[in-house]
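As structure tokens, the structure follows; a few thoughts come after it.
The values are calculated or read from the model by the stated rules, or taken from the named source; none is laboratory data. These numbers were taken from a predicted model, which means no experiment stands behind them. Glycine gets a Cβ as well: all are built from the backbone with ideal geometry, and neighbour counts include every protein chain shown.
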Amino acid sequence: MSAKQNQRPASKQGSGVVGQPLNRVDGRLKVTGGARFAAEFPHDQMAYAVLIGSTIANGRIKGFDTSAAKRVPGVLAIITHENAPKLRPVATNPAEGDAAGRRVPLQSPVIYYHGQYIAVVVAETLEQTQQAAALVRVSYDEQPPAADMERERGKAYPPKGKVAGKPADTMRGNTDTGLAAANVRVDEIYRTPTEHHNPMEPHATIAVWDGDKLTIYDATQYTYGVRHAMATTFGVPEENVRCICKFTGGAFGCKGTVWSHVSLAAAAARVARRPVKLVTTRQQMFSNMGHRAETEQHVVLGATRAGKLTAIVHEGLSHTSTFDEYVEPFSKATHMLYACDNFKASQRLVALNVGTPTYMRAPGETSGMFALESALDELAYKLNLDPIQLRLVNYADTDPDTKLPWSTKLLKECYRTGAEHFGWARRKPAPRSMRDGRYLLGLGMATAVYPVNHFPSSARVRIQSDGSAIVESSTHDLGTGTYTVLTQIACETLGLPPERVEVIIGDTNLPKAMVSGGSSTVMSVGSSVQGAARAALAKLVETARADTRSPLYGASADQIVASDGRLALKSNDARGETYRDTLARAGMKEVEGSYDTEFNDKEKKFSSHAFGAQFAEVRVDPDFGEVRVTRFTGVFDIGRVMNMKTGQSQMKGGIIMGIGMALMEETVLDTNSGRLVNRDLAEYHVPVHADVPQLDVVLLENFDEHASPIGAKGAGEIGIVGAAAAVANAVYHATGVRVRELPITLDKLLGKGALA
Amino acid sequence: MRAYLPDYELRAPRSLTDALALLAREPGGWRAFAGGTDLMVLLEAGLLTHRKFLSIWHLPELKGIEVANDHVTLGALTTYTEVQRDETMRREFPLLGAAARETGGIAIQNRGTLGGNIVNASPAADSPPALLVYDAELELVSTRGTRLLPYREFHTGYKQMNMQSDELLTRIRLPRTTGDLKTYYRKVGTRKAQAISKVCFAAGARMNDGRIADVRLALGSVAPTVVRCTQTEELLRNQTIDEATTKAAREMLMTEITPIDDMRSTADYRLNVAANLLADFLRQLKHT
């Protein structure tokens, strides 16, 4: 299906701001400090909670000595498993957007991982709380931890649950036959390390009890999820819990789960009978809020001399915790990306004494596409075929997994546009064939793909008697631009300028939206906002048509259009009136429209994915092994682009994270003690500004009506997919050294000599 | 976890004399606190075991860059930003400016001091290799008097220093004999800024009639202390730069340093890159 066929018919309604690079409507609040994050809501009588983490990674607590801690002035409570209130477990419900990791805190003396919360201290001031926490003495029975995937591989086991909705072992066709028929093979192991999300804003919770009612301010991707978890944990009705989150300072998946500090904040507030503020430390975030699991991936590709894939095998290991199961679904995209009759996927888990891993930006695709797209690159060299050509030879015209047609797929355009923008034609095919002075130069590419995930969601739109409008939903702005994009969607339908629309989100008192994860928010909530805006406008139109004093009295609804805050006849703009006039005359304060977006995915007729092509140029210092990304082009088909600026920023953020993944990000676990060695931003390296070149991002024009009523396919995650592989492939092209274990650090590249 | 602030004592003496008197009265009881860029990190992590500190940040005797005929004297409180801005430093001691530019971010450069970088005694610090190349001397003062010590003799082991508990590092003296050195500074790291170096290399040399008349080589992150590689220097002196010399120098350098495997890199990598840095320096020296 081409872009043209899918273009949205031009609308006469609205000011047409959708797609425009509107500056963030919350930008001023952000830069002036007016945007209030979870830890920034003041309360009278606020007390402070500090969490104490285990200093061992495996074993049991023998006992606590809290005598010195209790003597610190201002201490209100020291809660351990010996005196904690009973907290009920919350059932994991993937349909509700819950991740794993629901071990109930402080209910037993068992230690599963280093940094696990073993006590909460509450005191009048933060300093008193920290002091008391530092004085709590703990004795342990320590056992050696399982902290090395390599050492534990003998205990690998099949996941109990599914892997991204599919069985852990799947076969399409027969890969043995396929490999036997192959002229050329790639058979390699690829490894990705544990990585952490590291949003700027730490996880933070303020809990305020009023009898059996709980108000909770939380840094989250899912306000209703927090509400559900707290209601279950404390055995109160859901309607007794209100969760508020006006801004989230980055999340990337780690704020999609209600981790145990949230219930501990609420428990602390209940025990201390005070509002309690709990802000976690960066170190605690490394231990307790999930991470991208380490993977070891075996990829086997078989192909004919012409490059046609005859078999794909994608199998391997990832780690989970000893008390819970999370599968990093690295084989997810391999099911559907390339046309190949013979495909086998298999995933196994190794349990380690670490906190449970979780979703991190494009879980599955990010690790898996590093392996698959590196293997494709290796195959291209073996076949002496251009890497883009190899991908075109295996281009899937329908989904090879589900056999469904694509809703829309502009991947060929992504390759073509990307190659043009990037200057792919300049690339000499042989590795180590390009130089920039003394530096080795390399160009590499990779495909990006991410599925459409949309969730049922609700929104309300109220057109006010002053002619403005209010948009409401419980959804979240993770720094992604939700406020801005929802404003634009409402403006388009209501025919109002952005300054006349106010978006209110992040509160369970508002209509329910699901977790802001899986790149779903704009598709899901945006569609509801459009529906609610249409419903509100229809009521306004009815009010005008029914009013004998209105210039629109008696006109048929389909003859009336809305623009610039007015209703008027399509045929005669002079015959009309402002919203304000319509409502004032009718004596109405407002008209309200609500909309619940439902997606019928049980009877799917299309396979829906966002696509992209990533191109990286690197410059490698032959003497020191330093890799610098000098240029990067990413071209994406994310369906309709709701805001060119925030959309491009999403892609850029993903690409930067991908550069970090390729070259520096790695959480190091001490395999003897089970401690995280580099649990701070001084030693866990993410790219600095100077590491990031000018990023050339192109968003193709498309409208995917099957993905969502507003035509969007999701933008949050696809930017990182394939970015690390593009860099890795460029490094190979520059140096002739294939590093299959991320990150590509200087020492791995240089080995024992020099590249010169 | 962050340390409890009331457990700590910070005094701000009115003058250098008062500061020295306090240090003398309770030897080992008080430690100097300058820009705080290292100490505050420890405080935040709850790892600052010493409890009594002497703020010297405001003492005028420890500030300023003085240019005399035969040397430049830097107060121990000279910040990385001041090093980068000073005209004489830029002209005659470019290695220090290069090191200062690569140290931390802007905020750290505004607050961190050269004296602090020296007495924090990290083998991975950025400015010490440059100071070694310039044959810096340290002025150490106590109530007992003043002594001048070649910086090369200051670090005696990992975090061990030739410094008494009643002494303060007050000034750093650089002889003005190196303005004509061809210099080379390179910090090798994972990313372009704000990374502790895997290997840091500072060098200077003077050619005379196609031969190396003077050469100074210093490295960071390759031994328990920053090191000046005198044996390699010895080997290079009076030599022409050719393949054989370079090879011999590389081999000698690799015996003079003792890098380790750690989270930031491997011993192998550090050895090889140190040698490659030397080769790169010699290559550039030959072509200038």
> Based on what the data block shows, is A:Val698 facing another protein chain (nearest Cβ under 10 Å) and out of contact with any Asp or Glu (no Cβ under 7 Å at 6 or more places or on another chain)?
Replying inline: no
> Got at least one residue in segment A:42-49 being within 14 Å of chain B (Cβ to nearest Cβ), within 20 Å of A:Cys243 (Cβ to Cβ) and either touching a strand residue (DSSP E or B) at 6+ places or on another chain (Cβ under 7 Å) or of a type outside the set (Asp, Glu) (or both)?
Replying inline: yes
> If only one of A:Thr667, A:Thr646 is touching a residue at least 40 places away in the same chain (Cβ under 8 Å), polar (S, T, N, Q) and within 13 Å of chain B (Cβ to nearest Cβ), which one is it?
Replying inline: A:Thr667
> Would you call A:Gly442 at positive phi and crowded, with 24+ Cβ neighbours inside 10 Å?
Replying inline: no
>> Anything in segment A:140-157 that is in contact (Cβ under 8 Å) with a residue 24 or more places away in the chain, more than 23 Å from A:Gly115 (Cα to Cα) and surrounded by fewer than 14 Cβ atoms within 10 Å (Cβ to Cβ)? List them, or say none.
In response: A:Arg153, A:Lys155, A:Tyr157
>> Need the failing condition index for A:Pro94 against (1) buried (at least 19 other Cβ atoms within 10 Å of the Cβ); (2) at pLDDT below 60, just the number.
In response: (1)
> Looking at (1) over 16 Å from B:Thr266 (Cα atoms); (2) charged (D, E, K, R); (3) more than 13 Å from the chain's Cα centre (by Cα), which is the only condition B:Arg228 fails?
Replying inline: (3)
>> I need the full set of residues from segment A:684-735 which are among the acidic types (Asp, Glu) and either part of a loop (DSSP other than H, G, I, E, B) or free of Cβ contacts under 8 Å to residues at least 12 places away in the same chain (or both), in order please.
In response: A:Glu701, A:Asp704, A:Glu705, A:Glu717
>> Going by what's in this entry, would B:Thr103 be described as assigned to a helix (DSSP H, G or I) and assigned by TED's automatic domain parsing to the domain that holds B:Leu169?
In response: no
> Can you pull out the residues in segment A:397-430 that are over 31 Å from the mean Cα position of the chain (by Cα) and surrounded by 16 or more Cβ atoms within 10 Å (Cβ to Cβ)?
Replying inline: A:Arg427
> Can you name the residue in segment A:151-189 that is among the aliphatic types (A, V, I, L, M) and in a loop (DSSP other than H, G, I, E, B) and is also farthest from the chain's Cα centre (by Cα) among such residues?
Replying inline: A:Ala181
>> under 24 Å from the mean Cα position of the chain (by Cα), within 14 Å of another protein chain (Cβ to nearest Cβ) and closer than 30 Å to A:Gly74 by Cβ: is that true of B:Met1 in this structure?
In response: no
>> Checking the conditions here, which among B:Thr73, B:Thr81 is part of a strand (DSSP E or B), surrounded by fewer than 20 Cβ atoms within 10 Å (Cβ to Cβ), of a type in the set (S, T, N, Q) and away from every other protein chain (no Cβ under 14 Å)?
In response: B:Thr73
> Under the condition of being surrounded by fewer than 23 Cβ atoms within 10 Å (Cβ to Cβ), within 21 Å of the chain's Cα centre (by Cα) and in a helix (DSSP H, G or I), which residue from segment B:255-272 is nearest to the other protein chains (Cβ to nearest Cβ)?
Replying inline: B:Leu271
> What strands (runs of 3 or more DSSP E) lie completely within segment B:121-207 and have 1 or more residues being more than 14 Å from chain A (Cβ to nearest Cβ) and touching a residue at least 60 places away in the same chain (Cβ under 8 Å)?
Replying inline: B:137-142, B:155-157, B:168-175, B:182-188
>> If the requirement is being facing chain A (nearest Cβ under 9 Å) and not in a loop (DSSP other than H, G, I, E, B), which of these qualifies: B:Ala275, B:Ala248?
In response: B:Ala275
>> Pairs needed: first member in segment B:26-43, within 14 Å of chain A (Cβ to nearest Cβ); second member anywhere, surrounded by fewer than 20 Cβ atoms within 10 Å (Cβ to Cβ) and among the polar types (S, T, N, Q); C-beta distance under 7 Å; at least 6 residues apart or different chains.
In response: B:Asp38/B:Asn120
>> Looking only at helices (runs of 4 or more DSSP H) that lie completely in segment A:215-332, which have at least 2 residues being within 14 Å of chain B (Cβ to nearest Cβ) and under 30 Å from A:Glu378 (Cβ atoms)?
In response: none
>> Show the residue pairs meeting these rules: Cβ distance below 8 Å; 6+ apart or different chains; first residue within segment A:232-244 and aliphatic (A, V, I, L, M); second residue modelled with pLDDT of 95 or more and part of a loop (DSSP other than H, G, I, E, B).
In response: A:Val236/A:Asp212; A:Val241/A:Thr508; A:Ile244/A:Phe41; A:Ile244/A:Gly506; A:Ile244/A:Thr508
>> From the list A:Asn394, A:Asn384, exactly one residue is surrounded by fewer than 23 Cβ atoms within 10 Å (Cβ to Cβ) and out of contact with any Phe, Trp or Tyr (no Cβ under 9 Å at 6 or more places or on another chain). Which is it?
In response: A:Asn384
> Conditions: (1) in a loop (DSSP other than H, G, I, E, B); (2) modelled with pLDDT of 90 or more. B:Thr17 meets all but one. Number of the miss?
Replying inline: (1)
> Of the residues that make up segment A:609-628, is at least one closer than 30 Å to A:Gly495 by Cβ, in contact (Cβ under 8 Å) with a residue 12 or more places away in the chain and outside the structural domain of A:Thr484 (by TED's automatic domain parsing)?
Replying inline: yes
>> Looking at (1) within 30 Å of A:Ile718 (Cα to Cα); (2) in contact with a helix residue (DSSP H, G or I) (Cβ under 6 Å, 6 or more places away or on another chain); (3) in a strand (DSSP E or B), which one does A:Gly625 not meet, given that it meets all the others?
In response: (3)
